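K.L.:
Input: one structure, supplied below.
The values are calculated or read from the model by the stated rules, or taken from the named source; none is laboratory data. Bear in mind that the values here come from a model prediction, so they are computed numbers and not experimental data. Every residue, glycine among them, receives a Cβ derived from its backbone with ideal geometry; neighbour counts consider all protein chains shown. Keep in mind that these areas ignore ligands, DNA and RNA; they rest on the heavy atoms of the full protein, side chains included. Shrake-Rupley method; radii C 1.70, N 1.55, O 1.52, S 1.80 Å.
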Amino acid sequence: FDWLCAEKRFIRHSIESGKPVLGICLGAQLIASAMGAQVFPIKEREVGWFPLQRAPDSAGHAVFGSLPDTFTALHWHGETFDLPPEATCLAQSKGCAHQAFSVGERVLGMQFHLESTPGSVEALVQNCPGDLAPGRFVQDAHAMLSAHNHFRESNRLMTALLDQFLITP
């Protein structure tokens, strides 16, 4: 997509300017690509609520280190990426080795969605029904939408992560 070229230039310029940059899902993929890493189709799509594990190197990270060692988040992706040079892997899942990464403390990419709401997931279900084709890491729409405790907890984690991200120098 031609418009992504300009978007990646903007991301790279923002990073080089020292601005904090947070990318979620496609945003994480764009950060990785803007920094020279490959983005490619994942072997098995991840769509639904699945657990993540913080990577060992994440414990000392000013922002990501505040998250639990394991937590559940919504996934909705069919691509993944190699880590950019100088990046630290912060989290992984059974379906995806690179779920989150950082470059320093001010660049953070996350494949998963802590920001999801029932309304945003309902919109994905309605507009992307092909993504729900059965797979090892694909939940059905009802299971995703009825996970009220996951929505609350992931939103709480997102708030904590953003609070920390905004104050990290």
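K.L.:
Counting other Cβ atoms within 10 Å, keep those with at most 14, restrict to DSSP loop, and tell me which GluC sites (Glu not before Pro) in segment 1-105 are left.
P.N.:
Sites meeting the loop and neighbour criteria: E86.
K.L.:
I'd like the orientation of helix 2-16 relative to the chain: the angle between its Cα long axis and the longest Cα principal axis, in ° from 0 to 90, rounded to 10.
P.N.:
It is inclined by approximately 50 degrees.
K.L.:
In terms of the Cα gyration tensor, with a ≥ b ≥ c the square roots of its eigenvalues, is segment 1-96 rounded because a/c is under 1.5, prolate because a/b exceeds b/c, or oblate?
P.N.:
Oblate is the answer for segment 1-96, as a/c is 1.5 or above yet b/c matches or exceeds a/b.
K.L.:
Further question: Distance between the C-alpha centers of segment 140-169 and segment 47-113? Whole Å please.
P.N.:
First find each Cα centre; the distance between them is then 14 Å.
K.L.:
Nearest 5 percent is fine: what portion of the DSSP beta bridges confined to the chain is antiparallel?
P.N.:
Percentage antiparallel, nearest 5: 80.
K.L.:
For S14 and D69, compute 0.36 nm times the residue count separating them, minus their Cα-Cα distance, and round to one decimal in nm.
P.N.:
Answer, rounded to one decimal: 16.8 nm.
K.L.:
Here is a further query. Sort C128, C25 from largest to smallest accessible area, using a 1.4 Å probe on the heavy atoms of the protein chains.
P.N.:
C128, C25
K.L.:
Could I have the simple spin-label model distance between F40 and A160, label points 7 Å from Cα toward Cβ, reported in nm to one decimal?
P.N.:
Computed distance between label sites F40 and A160 equals 3.5 nm.
K.L.:
Give the residue from T159, P85, G109 lying farthest towards the positive end of the charge dipole for segment 44-167; charges sit on Cβ (+1 for Lys and Arg, -1 for Asp and Glu) and the dipole is referred to the Cα centre.
P.N.:
The Cα lying farthest towards the positive end belongs to T159.
K.L.:
Could you sort T70, T117 by their accessible area in this structure, using a 1.4 Å probe and putting the largest first?
P.N.:
T70, T117
K.L.:
Moving on to the next point. How large is ³J(HN,Hα) for each residue in segment 138-145, as worked out from phi by the Karplus curve 6.51 cos²θ - 1.76 cosθ + 1.60 (θ = phi - 60°), to whole Hz, x for Gly and Pro?
P.N.:
3J(HN,Hα) across segment 138-145, in whole Hz: 10, 9, 7, 4, 4, 4, 5, 6.
K.L.:
Further question on the same structure: Can you give the extra length, in nm with one decimal, that the chain gains between A59 and R136 once fully stretched, where that is 0.36 nm per residue apart less the Cα-Cα distance?
P.N.:
Between A59 and R136, full extension yields 24.8 nm more.
K.L.:
Taking a cut-off of 27 Å between Cα atoms, list the lysines near K94, but don't count ones fewer than 8 places away on the same chain.
P.N.:
Correct list for K94: K43.
K.L.:
Calculate how steeply helix 148-167 sits against the longest principal axis of the alpha-carbon atoms of the chain, using the helix alpha-carbon long axis, and give the answer as 0 to 90 degrees to the nearest 10.
P.N.:
With both axes taken from Cα atoms, the answer is about 10 degrees.
K.L.:
Nearest 500 deg cm²/dmol is fine: what mean residue ellipticity at 222 nm does the chain get from its DSSP H runs of n ≥ 4 alone, each adding -39,500 (n - 2.57), divided by its residue count?
P.N.:
Values: 5 runs with 59 residues, N = 169.
Calculated from helices alone, the mean residue ellipticity at 222 nm is -11000 deg cm²/dmol.
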